[in-house]
Amino acid sequence: MSAYVIFIRDNTTDQNELDTYASLADKARGTHPITPLAFYGELEVLEGADAEGVVVIQFPDKAAAHAWYDSPAYQEAKAHRLKGANYRVLLVEGI
């Protein structure tokens, strides 16, 4: 069953850290089976808090999503994301 990781960026605190994150996160993709579905495109908040940006990426299943997210390469990138912005990150299974 497909799984989706959803990143919701609430606000940026340090653009330089986000730039570092972007570079490292791209490298962390490696051979993981990632399909980007939405990547900081125009967004409209219909309910709830505003957001600066949203990313939705698809994986074949939750195990594949965790293999990427928990990988040392992504964890290194994540440290810079946490310094650069406030995010909400969700993992949801498809149907």
The chain: C-alpha gyration tensor shape, a/c 1.5 cut-off, then a/b vs b/c
oblate
From DSSP H assignment alone, runs of 4+ in the chain each adding -39500 (n - 2.57), the sum over residues rounded to the nearest 500 puts [θ] at 222 nm at -11500 deg cm²/dmol
Could you tell me which of rounded, prolate or oblate describes region 3-43, using a ≥ b ≥ c as the square roots of the eigenvalues of the alpha-carbon gyration tensor, with rounded for a/c under 1.5 and, failing that, prolate when a/b is larger than b/c and oblate otherwise?
oblate
Which listed residue (Val55, Thr13, Thr35) has the Cα farthest towards the positive end of the charge dipole for the chain, taking +1 on Lys and Arg C-beta and -1 on Asp and Glu C-beta about the Cα centre?
Thr35
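Measure off, as a whole percent, the carbon and sulfur share of the 1.4 Å-probe accessible area of the chain, all protein chains present. Don't jump to the answer; show the numbers that get you there.
Numbers: 3120 of 5890 Å².
In the chain, the share of accessible area belonging to carbon and sulfur is 53 percent.
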Each label sits 7 Å from Cα toward the beta-carbon; between His66 and Asp50 the label points are separated, in nm, by 3.7 nm
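Of the peptides 2-8, 12-18, 60-66, how do they stack up when ordered by the mean number of other Cβ atoms within 10 Å, highest first?
On the way: 2-8: 17.7, 12-18: 13.4, 60-66: 15.1.
Result, highest mean first: 2-8, 60-66, 12-18.
Would you work out if region 40-95 is rounded, prolate or oblate? Take a ≥ b ≥ c from the square roots of the eigenvalues of the alpha-carbon gyration tensor; rounded if a/c is under 1.5, else prolate when a/b is larger than b/c, oblate otherwise. Numbers along the way, then the final one.
Details: a/c = 2.56, a/b = 1.24, b/c = 2.06.
In terms of gyration-tensor shape, oblate.
On a full-extension model of 0.36 nm per residue, what is the gain between Thr31 and Asn11, subtracting their alpha-carbon distance, rounded to one decimal in nm? Numbers along the way, then the final one.
On the way: separation 20, 0.36 × 20 = 7.20 nm, distance 2.98 nm.
Going from the current span to full extension adds 4.2 nm.
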Here the net charge surrounding Ala3, from other residues whose Cβ is less than 10 Å away from its Cβ (Lys, Arg +1; Asp, Glu -1), is -1
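The values are calculated or read from the model by the stated rules, or taken from the named source; none is laboratory data. Model, not experiment: these values are computed from the prediction. A quick note on method: Cβ atoms are made from the backbone with ideal geometry, for glycine too, and the neighbour counts reach across all protein chains shown. Accessible surface is based on the protein model in full, side chains and every heavy atom, while ligands, DNA and RNA are left aside. Shrake-Rupley method; radii C 1.70, N 1.55, O 1.52, S 1.80 Å.
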